[in-house]
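Here the structure comes first, spelled out in structure tokens, and everything after it is commentary.
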Amino acid sequence: MVNKLLVVMALSVGALSADAVGNTMKNNPRSPTAGVVCDVYFCANDKGVSAELTTQYLGKKKGERLTAQGDFDHSAFTFSNGVFCDSTERLCRKDRYFGVDGKRSGKIDEHYTELLYTHKP
């Protein structure tokens with residue numbers, strides 16, 4: 001009886017872990033074309049967040065929702081997976097936090113930096 005319970009618990013934990021990994025994979029930003037990265041909310045290119053690209057790749061409603069946000073700095077943004085990108089710095093970082101020196105402290109995310117800022121047209 002105890003062995004059956006342990007097996008059921010192990011399978012449940014495995015299923016939960018697989019589901020968590022699956023959800024993480026679905027939420028990761030993707031690159032629909034060279035120089036563009038989209039998450040579930042917006043799309044960006046080397047200039048920053050773009051309502052036009054958002055409409056093109058995520059649909060009219062998402063583009064309108066982004067436009068409705070009003071005027072904001074389109075050059076610095078954080079994707080849904082926590083990766084922070086700054087188009088003036090032309091870098092993406094693992095997070096958007098600052099160090100005690102007042103400078104960005106997140107480790108550089110080479111994957112998203114390459115997708116956005118070093119693509120070949």
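Bear in mind these aren't lab numbers, they're just calculated from the coordinates by the rules spelled out. Keep in mind it's a predicted model, so treat the numbers as computed, not measured. For neighbour counting, all protein chains shown are included, and Cβ atoms are generated from backbone atoms with ideal geometry for every residue, glycine included.
Data overview
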| quantity | calculated |
| --- | --- |
| Relative exposure of VAL37, VAL49, judged by other C-beta atoms within 10 Å (fewest first) | VAL49, VAL37 |
| Using θ = phi - 60° and Karplus 6.51 cos²θ - 1.76 cosθ + 1.60, couplings along segment 97-111 (whole Hz; Gly, Pro as x) | 7, 10, x, 5, 7, x, 9, 4, 10, x, 5, 5, 9, 5, 4 |
| Long-range HN-HN contacts of LEU91 with modeled amide H, under 5 Å | ASP86 |
| Note, ³J(HN,Hα) from phi for segment 32-38, Karplus 6.51, -1.76, 1.60, rounded to Hz, x at Gly and Pro | x, 7, 4, x, 10, 10, 10 |
| Two-site label geometry, GLU64 and VAL40: point separation in nm, points 7 Å out along Cα→Cβ | 2.1 nm |
| Taking all pairs of distinct alpha-carbon atoms in segment 31-117, Kirkwood radius in angstrom | 13.1 Å |
